[in-house]
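Enquirer: The structure's right below; bear with me while I get my questions together.
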Amino acid sequence: MRVRNKPWADGYIKDNQKYIVTDPENWIGKWSQRFEKEQPIHIEIGTGKGQFIVEMAKKHPEVNFLGIEIQKTVIAIALKKVVEADLPNLQLVHTDGAGVDTFFGKHEIDTVYLNFSDPWPKKRHAKRRLTSPTFLDSYKTILKEDAPVVFKTDNRGLFEYSVITFNNYGMYFDLLSLDLHNSEYMEDNVETEYEHKFSSKGPIYKIVAYFNKKED
């Protein structure tokens, strides 16, 4: 997602530090202090304009949510939604999601969401995909042992690549949908802006996978 720079973004972020973190390395192991209650923490890597993370926070007050986004203008747009919602269980993080194990403690996180990530279709860019083994190493470090990675995409190539990398990594699949919007799992689905706009053009794929076998 590329959007034109907005001259107001810097000032808006600076004026709303209550809702956004710009120094994540200083919060490692202390993220619960950003919220009113100590609750499970779910993170979305690549939160975009914020629709998913805001709606999830509204729907699940029993969970604390962190939306991570590197693009300043994009996260400033998301920040407007967060400020308006003013939810005690929602924060944004302005940083690169590639280094989550450098600003989250070991087993500090309860769920990782990857929604419509850049597919990086060229083979030479495979290491940049958010479901590549290097990224999976990071997720495994920060996630609790019984915590999932939840992945959605409309890109068939990225979906197939992710199924393979998850499987080769030894992960366990709890859900694997080839057409989420026409499945029984759609009832609990929370859409992103992108998903809402483009789901009519083709199927949405979803994976829920664990690093350790889920207990029944």
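The values are calculated or read from the model by the stated rules, or taken from the named source; none is laboratory data. It should be emphasised that the depicted structure is a prediction, and the values quoted were computed from it without experimental measurement. Using ideal geometry, Cβ is built from the backbone for each residue, glycine included, and neighbour counts are taken over all protein chains shown.
Enquirer: List the residue pairs whose Cβ atoms are under 8 Å apart, where the first residue sits in the range 117-130 and is farther than 18 Å from Thr47 by Cβ, the second is among the polar types (S, T, N, Q) and not in a loop (DSSP other than H, G, I, E, B), and the two are 6 or more positions apart or on different chains.
Expert: Lys127/Thr134
Enquirer: Give me a count of the residues in the range 5-46 that are in contact with a Ser or Thr (Cβ under 9 Å, 6 or more places away or on another chain), assigned to a loop (DSSP other than H, G, I, E, B), touching a residue at least 60 places away in the same chain (Cβ under 8 Å) and closer than 20 Å to Gly99 by Cβ.
Expert: Selection size over the range 5-46: 3.
Enquirer: List the residue pairs whose Cβ atoms are under 7 Å apart, where the first residue sits in the range 58-83 and is under 17 Å from Asp118 (Cβ atoms), the second is polar (S, T, N, Q) and surrounded by fewer than 24 Cβ atoms within 10 Å (Cβ to Cβ), and the two are 6 or more positions apart or on different chains.
Expert: Ile68/Thr95; Ile70/Thr95; Thr73/Asn5
Enquirer: Filter the range 170-201 for residues that are over 13 Å from Tyr113 (Cβ atoms), among the hydroxyl-bearing types (Ser, Thr, Tyr) and in contact (Cβ under 8 Å) with a residue 40 or more places away in the chain; which is surrounded by the most Cβ atoms within 10 Å (Cβ to Cβ)? It would help to see each step written out before you state the result.
Expert: Taking the range 170-201 and keeping what is over 13 Å from Tyr113 (Cβ atoms), we get 170-188, 193-194, 196-201.
If we keep only those that are among the hydroxyl-bearing types (Ser, Thr, Tyr) too, we end up with 172, 177, 183, 185, 194, 199-200.
After this cut, where a residue has to be in contact (Cβ under 8 Å) with a residue 40 or more places away in the chain as well, the list is 172, 194, 199.
Working: Tyr172: 14, Tyr194: 18, Ser199: 16.
That would be Tyr194.
Enquirer: Can you list the helices (runs of 4 or more DSSP H) lying wholly within the range 103-216 that have 2 or more residues being modelled with pLDDT of 95 or more and over 15 Å from the mean Cα position of the chain (by Cα)? I'd like the intermediate steps shown before the answer.
Expert: Values: elements: 133-142, 156-169, 193-198.
In the range 103-216, the matching helices (runs of 4 or more DSSP H) lie at 133-142, 156-169.
Yes/no per residue for (1) in contact with a helix residue (DSSP H, G or I) (Cβ under 6 Å, 6 or more places away or on another chain); (2) of a type in the set (Lys, Arg):
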{"residue": "Leu87", "(1), (2)": "yes, no"}
{"residue": "Gln91", "(1), (2)": "yes, no"}
{"residue": "Leu114", "(1), (2)": "no, no"}
{"residue": "Asp118", "(1), (2)": "no, no"}
{"residue": "Lys122", "(1), (2)": "no, yes"}
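Enquirer: Restricting attention to the range 40-56, report how many residues are within 20 Å of Lys30 (Cβ to Cβ), of a type outside the set (Val, Ile, Thr) and touching a helix residue (DSSP H, G or I) at 6+ places or on another chain (Cβ under 8 Å).
Expert: 2
Enquirer: Let me ask you something else. For Trp27, state whether it is surrounded by 21 or more Cβ atoms within 10 Å (Cβ to Cβ), modelled with pLDDT of 95 or more, over 22 Å from Asn5 (Cα atoms) and touching a strand residue (DSSP E or B) at 6+ places or on another chain (Cβ under 7 Å). Step through it out loud before you land on a result.
Expert: Details: surrounded by 21 or more Cβ atoms within 10 Å (Cβ to Cβ): no; modelled with pLDDT of 95 or more: yes; over 22 Å from Asn5 (Cα atoms): yes; touching a strand residue (DSSP E or B) at 6+ places or on another chain (Cβ under 7 Å): yes.
Criteria not met by Trp27.
Enquirer: If you don't mind, there's one more thing I want to ask. Quick one: would you say Tyr139 is out of contact with any Pro (no Cβ under 9 Å at 6 or more places or on another chain), buried (at least 18 other Cβ atoms within 10 Å of the Cβ), under 16 Å from Val100 (Cβ atoms) and among the hydroxyl-bearing types (Ser, Thr, Tyr)? Spell out how you get there, then give the answer.
Expert: On the way: out of contact with any Pro (no Cβ under 9 Å at 6 or more places or on another chain): yes; buried (at least 18 other Cβ atoms within 10 Å of the Cβ): yes; under 16 Å from Val100 (Cβ atoms): yes; among the hydroxyl-bearing types (Ser, Thr, Tyr): yes.
So Tyr139 fits the description; yes.
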